[in-house]
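We did not get these values from a lab; they are worked out from the coordinates using the rules stated. Quick caveat: nothing in here was measured; it's all calculated off a predicted structure. Heads up, the Cβs are rebuilt from the backbone with ideal geometry, glycines too, and the neighbour counts pull from every protein chain shown.
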Amino acid sequence: MLSTSAAAWTTPVVDYHALAPEIILAGGIVLLLLLDLFISESKKWILTPVASFTALGAFIPVLTLALSDEGARSMFDGRYMVDDFSLVLKGLFLLAGYVVILLTSDHLREGDYYQGEYWFLLLSSILGMVMMASSRDLISIFVALEFLSIPAYMMAAWRKRDLKSNEAGIKYYLLGVFASAIMLYGMSLLYGIADSTLLVDIGKQLGEDVTAIRAVAVLFVVIGFAFKVSAVPFHTWAPDVYQGAPTPVTAFLSVASKAAGFVALVTVVYVGFPGSHEVWQPVFWILSALTMTVGNVMALKQTNIVRMLAYSSVAQGGFILMPLAVAGIDGVANSALRAVVTYLLVYAATNLGVFAVVMVVSRKTRSGEISSFGGLFSYAPGVASLMTIFLASLAGIPPLGGWFGKFAAFQSLVSAGNNWAYALAVIGGVNSVVAFGYYGNIMREMWMKPVPDGDTAPVKIHSSLGVALGITGLATLVLGVFPGLVIHFGDIAGLAGAFGN
């Protein structure tokens, strides 16, 4: 009996090259914690370059893995996959995290925040996102989700003496816990149905036989992730959290955290629920239509730039959901996944750029109102031009990156070829026009309105913010002018072998 039991236990095979990004991030987190404990306050400046090099260092094995000819790497009985899909998204998370570090470095020093704890939490959240991209099991997905969410709750409340920041952290935490509870209930039902937490096993067990209990399980899991991507009506946390959190944290939540939520949602739907499209397709159709419409209408009414960008982020989530509303139709699955990944890549570059400009302008004006952008071109033409590029990209104006992201999303709807897909495409088209209303309003303030207080002194751009603006501005232009680059990464992810297992 003992020999049989011993034979059943085998040492798991660990591919250290495949796990190198996670190992480097974990090592950087431990190093930051130790440095923060043992170095003096006057030397805390070293923590910022350590965080930067950790993010860039973790990106190197992502490149080496992508250039490797070994193909998909499976670990822990298929529960952790390192394939083309995961590598594209890991690269996105690490580069977005690096840009957020650039946005944060001067902001953190000027605000006299606790630097060590902040970098520890930020890199921990990025590690959760990197883990999410490879997770193919309910347990690993949930652990990765909480790993990225719990630090984000604390970062949202990082301005400890600011009541709005405290409110942001509490709202984000309470609603996040509620969403996690709903998701866990759905996952428990799935485990009871399939007797396994492995997504591939769940997909085989569910099949195409949709019963009431299976529909409830799928629905609860989708609802849990809908909160993470701030889909309507689960978006109520976003405006208050975005406005109350420090601006770099808001940028992080609007891009990296949202992208991680979509990655988890796509993974669960494609691998775990491929035969249950009769349940999740109508849900995504409703969520997409509601999210883009409510987000755009609410954004039109805002006077605070960050609050407006919060509703803009909600609306952009609706556009990203569009391809998933037709992903269950034969022949559309790959193009829908490609469209989602393409949109996420473009959106990350553009939205991070917008928040970089907001930080530059707010340092001078000490205001978060849209009216504070009045006359920006008269004293900062370069910053105004970059902001125009970013806003036009979010609005989907060619030849910028956002235009191609929207094109890929609409293309997947048209390729579906049914009336429901065409109806959603029409709703998306109308919302694209509506969105230009509030993006155009900021452009008008910058180019046509006078400076509110008459102060035309040039703005000061710190080196790290300048690098962030350069990276995001160049990416937004290049991805639009040369769409083959972004569609190449979208194709790689869309044809990833893990979703065929």
- prompt: Relative contact order for the chain: what is it in percent, counting Cα pairs under 8 Å that are at least 6 residues apart?
  reply: 15
statement: Distance in nm between Ala181 and Leu37 label points, each 7 Å along Cα→Cβ, equals 3.5
- prompt: Whole-Hz Karplus ³J(HN,Hα) for segment 210-221, in order, using 6.51 cos²θ - 1.76 cosθ + 1.60 and θ = phi - 60°, x for Gly and Pro?
  reply: 8, 9, 4, 5, 5, 5, 5, 4, 4, 5, 5, 5
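With the contact rule set at Cα under 8 Å and sequence spacing of 6 or more, what percent relative contact order holds for segment 278-501? Please report the intermediate quantities before stating the final value.
On the way: 329 pairs, mean separation 65.0, N = 224.
Relative CO of segment 278-501 lands at 29 percent.
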field: Cα long-axis angle, helix 401-416 against the chain (0 to 90 degrees, to the nearest 10)
entry: 40
field: Length gained when the stretch Val216-Ile286 is fully extended (0.36 nm per residue, less Cα-Cα span)
entry: 23.5 nm
query: Nearest 20 debye, what's the magnitude of the dipole of segment 278-501 about its Cα centre given +1 on Lys and Arg Cβ and -1 on Asp and Glu Cβ?
result: 500
query: Out of residues 5 or more away from Glu369 or on other chains, whose amide H comes under 5 Å of its own, with H placed 1.01 Å from N in the peptide plane?
result: Ile305
field: Efficiency of FRET from Cβ geometry, Phe76 and Thr236, R₀ 45 Å, rounded to 0.05
entry: 0.75
